[in-house]
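Novice: For reference, the structure I am asking about is given below.
The values are calculated or read from the model by the stated rules, or taken from the named source; none is laboratory data. This one's a predicted model, so the numbers in the text were calculated from it and none came from an experiment. Cβ: placed from backbone, ideal geometry, glycine included. Neighbour counts: every protein chain shown. Just the protein is used for accessible areas: all its heavy atoms, side chains included, with ligands, DNA and RNA removed. Shrake-Rupley method; radii C 1.70, N 1.55, O 1.52, S 1.80 Å.
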Amino acid sequence: QVQLVESGGGLVRPGGSLRLSCAASGSIFSIYFMGWYRQIPGKERELAAHITSSGSTSYVDSVKGRFTISRDNAKATVYLQMNSLKPEDTAVYYCNRDSSVLLPWGQGTQVTVSS
């Protein structure tokens, strides 16, 4: 059973940066399309960034130009570099497959953007 462990969240001022990591157990990580999702209080979880097995990326409009998703298949880890953070980026961030067949959700990592 693949397990996902997110880390790297915290409290940051508007305009600041954070780098999130998601470590996945399991030997077939490299073939998965992966995504970073976020859940803002009172809203549904949304897919904010996506990366294919070959490294192609896409982003929701609200984070384009500010967030960068990347992966290290040797380490079975997906990253999310978040720059120019805004208060509306405050959410719990999760990683998972970008697929109709999801892995068990990890605990997520809280990102709070506030002055």
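Novice: Taking the criterion of being without any contact (Cβ under 8 Å) to a residue 60 or more places away in the chain, surrounded by 17 or more Cβ atoms within 10 Å (Cβ to Cβ) and in a loop (DSSP other than H, G, I, E, B), would at least one residue in segment 92-105 satisfy it?
Specialist: No: zero hits.
To keep it simple, each residue is scored yes or no on (1) open to solvent by less than 60 Å² (accessible area, probe 1.4 Å); (2) of a type in the set (S, T, Y).
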{"site": "A48", "(1), (2)": "yes, no"}
{"site": "S53", "(1), (2)": "yes, yes"}
{"site": "F67", "(1), (2)": "yes, no"}
{"site": "E88", "(1), (2)": "no, no"}
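Novice: Among the numbered conditions (1) under 15 Å from the mean Cα position of the chain (by Cα); (2) open to solvent by 70 Å² or more (accessible area, probe 1.4 Å), tell me where A74 comes up short.
Specialist: It is condition (1) that A74 fails.
Novice: If you go through segment 48-59 one residue at a time, do you hit one that is touching a Lys or Arg at 6+ places or on another chain (Cβ under 7 Å) and touching a residue at least 60 places away in the same chain (Cβ under 8 Å)?
Specialist: no
Novice: Contact list please: Cβ distance under 9 Å, first residue in segment 13-29 and open to solvent by 30 Å² or more (accessible area, probe 1.4 Å), second residue acidic (D, E) and at pLDDT below 95, pairs at least six apart or on different chains.
Specialist: Final answer for the pair search is none.
Novice: Follow-up question, since we're still on this one. So which residues in segment 81-104 are out of contact with any Pro (no Cβ under 7 Å at 6 or more places or on another chain) and more than 18 Å from I31 (Cα to Cα)?
Specialist: Answer for segment 81-104, where residues must be out of contact with any Pro (no Cβ under 7 Å at 6 or more places or on another chain) and more than 18 Å from I31 (Cα to Cα): Q81, M82, N83, S84, E88, D89, T90, A91, V92, Y93, Y94.
Novice: Looking at segment 78-114, which of the residues that are hydroxyl-bearing (S, T, Y) and modelled with pLDDT of 95 or more is farthest from the chain's Cα centre (by Cα)?
Specialist: Result: S114.
Novice: Related question: Would you confirm whether or not segment 43-52 contains a residue that is more than 18 Å from K86 (Cα to Cα), part of a strand (DSSP E or B), at pLDDT below 95 and not acidic (D, E)?
Specialist: no
Novice: Which of (1) open to solvent by less than 50 Å² (accessible area, probe 1.4 Å); (2) farther than 14 Å from R19 by Cα; (3) not in a strand (DSSP E or B) does S115 not meet, given it meets every other one?
Specialist: (1)
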